[in-house]
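Engineer: Can you keep this structure in mind? I'll have questions shortly.
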Amino acid sequence: MSRLTLSTSTGFSRRTFVVLSLAAGVALGALGSAQAAPKTSLSLGMSVEPSGLDPTAAAPVAIGQVTWQNIFEGLTTIDKDGKVQPQLAESWVISPDGLNYTFKLRQGVTFHNGEVFDSAVAKFSIDRARASDSVNPQKRYFASVDSVETPDAATLVVKLKSLTGNFLYWLGWPSSVMVAPKSAADNKTNPIGTGPFKFVSWAKGSQVELAKNPDYWDKAGTAKLEKVTFRFIADAQAQAAALKSGDLDAFPEFAAPELMASFEGDSKLTTVIGNTELKVVAGMNNAKKPFDDKRVRQALMMAVDRQALIDGAWSGFGTAIGSHYTPNDRGFVDLTKTYPYDPEKARKLLAEAGFASGLSFTIKAPQMAYAQRSSQMLQAMFADVGVTLNIETTEFPAKWVADVFKGGNYDMTIVAHAEPMDIDIYARDPYYFNYKNPAFNEVLKKVDATADASEQAKLYGEAQKILAEDVPALYLFVMPKLGVWNKNLKGLWENEPIPSNVLAQVEWSQ
Amino acid sequence: MRQILRRPTLLAGLIITALLVFIALLSLVWTPFAPTKMQIVHKLKPPLAHGLLGTDQFGRDMASMLMVGAWNSLSTSFLAVAIGATLGTLVGVTVAAIRGLTETVVMRACDIIFSIPPILSAMLFGAFIGAGRFTAIIAIAVFMVPVFARVTLSAARQIWTRDYVMAAVSMGRNRAKITYVHVLPNITNQILVQVTIQLGLAILTEAGLSFLGLGMPPPTPTWGRMLSDSQTFMGQAPWLALLPGSAIALAVLGLNMLGDGLRDLLDPRDNV
């Protein structure tokens, strides 16, 4: 009996196998012919899933990386060289005193839900961002706005209280995008903008899907892809596997530098090392002993061999910095020589500050690989100058924001600051470094007071020097943008002047 | 001695365990390099190219780290099992002496602790008191207690039915005294075997906790964290994963073989 059953089942499975292999053959053939025409869809990977999809409502850069320039657009925009360009504002005139900005708005622009973009919408967006109950992450940039007027549907006049040299630049940020009055409240889950892509769906924990907006206002700028899928994969091994298997077409910000070498020799993929604004900085609590003593901070800076740290923590990918500024920011000055690696001097300076017998404190390090590895490197380097560093791992962003960023309950921490040109954080009060230097604030005030680019660059140079001298935080390195994508994919940004994935001009060459 | 030589499992287990204990103890006084010394110029060197077992991504000597890791892993596990075995045995023999409702209540309580995976309870401890050696020891000890309570209870119950114990009871001897004089000495073998087997499990759990970042904080090398750190370097430097992985496997294998061998050796039924 059992033998009979067995033979029947074998026969059955053999037949199934034949059918299956036939089906597979047909499917493969279909796939082959589909690949002959250039693909029109893109599957792009990101390490971090955004917490919502409204860049005007929360700070995580992942929000802008999905939505900015794809779904949402601003009055101005920032191009791939970091320069301000007109977008929904065609042009503008600045009054001689520098306080009145008159924007000429683009006509014929509609939101994805059909609402028309005009001066009333622009006024709504700016007023919403600067309202007292606004949760805009860059709200302070709107603090200088005195009033917004709409003489006619195509004209917007913004009056400022004080000179704000970077106003047009800030208007280009993800947090300054234009939102439609009717849909603004729901943008977190159903974003509606004026951009070249429309939001389709968001499967939480997995992916966000966008589709081409056929009615885009700029015919020349219409999206070349029909469909874009952002997929969120936190694990670096899984990211690499998805790229190699062709599951993902691109990973603009690959998470593990040590795996970059594994893409070499892959016939499908290309690796592109670009620059970013990601400054890895070990901030210290300047209000707390012993960090209130400048000499301690300077000594710790001299205890750090930046190049060794880059090699050990980030496989040598990265550029050493001496201040809170990256080489692609205007007016950059290389200040890594202000307090270069010198353990002998560091030990002497510590002794001078009264810590000849050593010093012990804790670094609150987020779970990200760069932070953990850099902390371990700092631990070893500090040990050489008699400083004991305890590493306490903390969860980023929620716990870190509560404990360190808002609570100020820490000795030292380490995090990559992603915002471009954010040297002004050292002038903010309160800010988690608790750094207070009126001379520094004075320099930044002067930056705002001038619109002259070369004058601004000079002032930014001064600001960088003050920080390099005072060392409110240990300036370590700028992380590069480790891009990995399909060789046939054209138009992705190599560099990252602002955290983003601008996809309208991305296309397949074959 | 001849007994031991005739049992290859026991012998192998004994040798492996002794070797590990020796290496762990040796690490306290000597390692080839300082295990926390970073030499970036020598990073990711394969075994024999720099040091005996190569270097990790920071240029630290793998052999030294593994040696210190052995000490950390073994000492944590031994301590945890010692605490768990002591408390568990105490609970087991006490309940065996009292029986009745107490037995039901205590055994159901053990069941509840049993149902919570050790990793989960360790994460809970970690959240409250912070990660560290103490957390790991407590977390492992907590789930060892019911194991030992159960083993001692069933062993002790058998002893309580023996004639000489019943005689002692009928003569009006104190139950605590009977436990100490008659019960405990007769169940030592079972406890010893259980200790050896649980040690292997403890090492595995300790490695798991370190892997998840709930063990000892850096720079203290632990096998679990070495394994976790090696993940993204697997393609480039496979020894970073293979070495600590093998160390964990070897330690668990050795202790399990020792446990099995001991059980065979000490089981009175086998000697008949």
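Engineer: Which of the residues spanning segment B:148-180 are more than 21 Å from B:C110 (Cβ to Cβ) and under 28 Å from the mean Cα position of the chain (by Cα)?
Structural biologist: B:Y180
Engineer: A further question follows. Just to be sure I understand, how many residues within segment A:402-426 are surrounded by fewer than 19 Cβ atoms within 10 Å (Cβ to Cβ) and assigned to a strand (DSSP E or B)?
Structural biologist: Total meeting the criteria: 1.
Engineer: Considering only residues that are surrounded by fewer than 19 Cβ atoms within 10 Å (Cβ to Cβ) and not small (G, A, S), which ones fall in segment A:97-108?
Structural biologist: A:D97, A:L99, A:N100, A:T102, A:K104, A:Q107
Engineer: A follow-up question, please. Mind checking which residues of segment B:137-168 are loosely packed, with under 14 Cβ neighbours inside 10 Å and of a type in the set (V, I, T)?
Structural biologist: Result: B:T161, single match.
Engineer: Would you point out the residue of segment A:254-271, among those that are in a loop (DSSP other than H, G, I, E, B) and surrounded by 22 or more Cβ atoms within 10 Å (Cβ to Cβ), that is farthest from the other protein chains (Cβ to nearest Cβ)?
Structural biologist: A:F254
Engineer: While we're looking at this one, here's another question. In segment A:151-165, what count of residues is obtained for those that are assigned to a loop (DSSP other than H, G, I, E, B) and within 13 Å of A:D118 (Cα to Cα)?
Structural biologist: 2
Engineer: Going by the conditions given, is B:G254 away from every other protein chain (no Cβ under 14 Å) and buried (at least 22 other Cβ atoms within 10 Å of the Cβ)?
Structural biologist: So B:G254 fits the description; yes.
Engineer: Quick test of your reading of the structure: A:T276 fulfils all but one of (1) of a type in the set (V, I, T); (2) assigned to a strand (DSSP E or B); (3) surrounded by 18 or more Cβ atoms within 10 Å (Cβ to Cβ). Name the failing condition by number.
Structural biologist: The number of the failed condition is (2).
Engineer: Now, a different point. When you go through B:I16, B:I83 one by one, which is the residue that is in contact (Cβ under 8 Å) with a residue 24 or more places away in the chain and under 14 Å from the mean Cα position of the chain (by Cα)?
Structural biologist: The unique qualifying residue is B:I83.
Engineer: Let me ask something else about it. A:A62: touching an Asp or Glu at 6+ places or on another chain (Cβ under 7 Å) and of a type in the set (G, A, S), yes or no?
Structural biologist: The answer is yes for A:A62.
Engineer: Checking A:T336 against (1) more than 11 Å from chain B (Cβ to nearest Cβ); (2) buried (at least 21 other Cβ atoms within 10 Å of the Cβ); (3) β-branched (V, I, T), only one condition comes out false. Which one?
Structural biologist: Only one criterion is unmet by A:T336, namely (2).
Engineer: A:A236 passes all but one of (1) among the aliphatic types (A, V, I, L, M); (2) within 12 Å of chain B (Cβ to nearest Cβ); (3) out of contact with any strand residue (DSSP E or B) (no Cβ under 9 Å at 6 or more places or on another chain); (4) under 14 Å from A:L44 (Cα atoms); which number fails?
Structural biologist: It fails just one condition, (4).
Engineer: Is it fair to say A:A154 is surrounded by 18 or more Cβ atoms within 10 Å (Cβ to Cβ) and touching a residue at least 12 places away in the same chain (Cβ under 8 Å)?
Structural biologist: Considered against the rule, which asks whether it is surrounded by 18 or more Cβ atoms within 10 Å (Cβ to Cβ) and touching a residue at least 12 places away in the same chain (Cβ under 8 Å), A:A154 comes out as no.
Engineer: Tell me the residue from A:G322, A:G318 that is crowded, with 20+ Cβ neighbours inside 10 Å, under 25 Å from A:Y460 (Cα atoms) and within 14 Å of another protein chain (Cβ to nearest Cβ), please.
Structural biologist: A:G318
Engineer: Count, please, the residues in segment A:397-410 that happen to be touching a residue at least 12 places away in the same chain (Cβ under 8 Å) and within 14 Å of chain B (Cβ to nearest Cβ).
Structural biologist: Counting residues in segment A:397-410 that are touching a residue at least 12 places away in the same chain (Cβ under 8 Å) and within 14 Å of chain B (Cβ to nearest Cβ) gives 1.
Engineer: Scan B:T55, B:T94, B:T86 and give me the residue that is within 14 Å of another protein chain (Cβ to nearest Cβ) and β-branched (V, I, T).
Structural biologist: B:T55 is the lone residue from the list that is within 14 Å of another protein chain (Cβ to nearest Cβ) and β-branched (V, I, T).
Engineer: Suppose the filter is within 14 Å of chain A (Cβ to nearest Cβ), surrounded by fewer than 21 Cβ atoms within 10 Å (Cβ to Cβ) and without any contact (Cβ under 8 Å) to a residue 60 or more places away in the chain; does B:A249 pass it?
Structural biologist: no
Engineer: Moving on. Give the residues of segment A:44-61 that are part of a loop (DSSP other than H, G, I, E, B) and in contact with a Lys or Arg (Cβ under 7 Å, 6 or more places away or on another chain), sorted by residue number.
Structural biologist: A:G52, A:L53, A:D54, A:A57 - these are the residues of segment A:44-61 that are part of a loop (DSSP other than H, G, I, E, B) and in contact with a Lys or Arg (Cβ under 7 Å, 6 or more places away or on another chain).
Engineer: Please specify each residue of segment B:37-82 satisfying the condition of being at pLDDT below 90 and of a type in the set (D, E, K, R).
Structural biologist: Passing the criteria: B:K37, B:K43, B:K45, B:D56.
Engineer: I've got another one for you. Of everything in segment A:427-479, what is in a loop (DSSP other than H, G, I, E, B) and out of contact with any helix residue (DSSP H, G or I) (no Cβ under 8 Å at 6 or more places or on another chain)? Give them in sequence order.
Structural biologist: A:D429, A:P430, A:N434, A:K436, A:A451, A:D452, listed by residue number.
Engineer: Among the numbered criteria (1) surrounded by 22 or more Cβ atoms within 10 Å (Cβ to Cβ); (2) within 30 Å of B:L266 (Cβ to Cβ), which single criterion is violated by B:A131?
Structural biologist: In the conditions (1) surrounded by 22 or more Cβ atoms within 10 Å (Cβ to Cβ); (2) within 30 Å of B:L266 (Cβ to Cβ), B:A131 misses (2) alone.
Engineer: Right, another one. Quick check, is B:G235 surrounded by fewer than 22 Cβ atoms within 10 Å (Cβ to Cβ), outside any helix (DSSP H, G or I), within 14 Å of chain A (Cβ to nearest Cβ) and over 26 Å from the mean Cα position of the chain (by Cα)?
Structural biologist: Here the answer is yes, as B:G235 does meet what is asked.
Let's see how each residue does on (1) within 11 Å of another protein chain (Cβ to nearest Cβ); (2) within 30 Å of A:A234 (Cα to Cα); (3) surrounded by fewer than 18 Cβ atoms within 10 Å (Cβ to Cβ); (4) without any contact (Cβ under 8 Å) to a residue 60 or more places away in the chain:
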position: A:L349; (1), (2), (3), (4): no, no, no, yes
position: A:F355; (1), (2), (3), (4): no, no, no, no
position: A:L359; (1), (2), (3), (4): no, no, no, no
position: A:K364; (1), (2), (3), (4): no, yes, no, yes
position: A:R373; (1), (2), (3), (4): yes, yes, no, no
position: A:V385; (1), (2), (3), (4): no, no, no, no
position: A:E395; (1), (2), (3), (4): yes, yes, yes, yes
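Engineer: What is the number of the single condition among (1) crowded, with 24+ Cβ neighbours inside 10 Å; (2) within 14 Å of chain A (Cβ to nearest Cβ); (3) assigned to a helix (DSSP H, G or I) that B:S73 does not meet?
Structural biologist: Going through (1) crowded, with 24+ Cβ neighbours inside 10 Å; (2) within 14 Å of chain A (Cβ to nearest Cβ); (3) assigned to a helix (DSSP H, G or I) one by one, B:S73 breaks only (2).
Engineer: Only one of A:A143, A:A220, A:A203 is more than 25 Å from A:P499 (Cβ to Cβ), of a type in the set (A, V, I, L, M) and surrounded by fewer than 18 Cβ atoms within 10 Å (Cβ to Cβ); which?
Structural biologist: A:A220
Engineer: Of the conditions (1) modelled with pLDDT under 95; (2) surrounded by 22 or more Cβ atoms within 10 Å (Cβ to Cβ), A:D249 fails just one. Which one is it?
Structural biologist: For A:D249, the failing item is (1).
Engineer: Quick check on my filter: what residues within segment B:181-207 are under 17 Å from B:A18 (Cα atoms) and of a type in the set (S, T, Y)?
Structural biologist: Within segment B:181-207, B:T196 is the sole residue that qualifies.
Engineer: Which of the numbered conditions does A:I391 fail, given that it passes all the others? Conditions: (1) of a type outside the set (S, T, N, Q); (2) farther than 18 Å from A:V281 by Cβ; (3) within 14 Å of another protein chain (Cβ to nearest Cβ).
Structural biologist: Going through (1) of a type outside the set (S, T, N, Q); (2) farther than 18 Å from A:V281 by Cβ; (3) within 14 Å of another protein chain (Cβ to nearest Cβ) one by one, A:I391 breaks only (2).
Engineer: Of (1) within 14 Å of chain A (Cβ to nearest Cβ); (2) in contact (Cβ under 8 Å) with a residue 60 or more places away in the chain; (3) surrounded by fewer than 22 Cβ atoms within 10 Å (Cβ to Cβ), B:T222 satisfies all except one. Which?
Structural biologist: With (1) within 14 Å of chain A (Cβ to nearest Cβ); (2) in contact (Cβ under 8 Å) with a residue 60 or more places away in the chain; (3) surrounded by fewer than 22 Cβ atoms within 10 Å (Cβ to Cβ) applied to B:T222, the lone miss is (3).
The values are calculated or read from the model by the stated rules, or taken from the named source; none is laboratory data. All values reported here derive from a predicted model rather than from experimental measurement. All Cβ positions, even for glycine, are placed from backbone atoms using ideal geometry, and neighbour counts span all protein chains on display.
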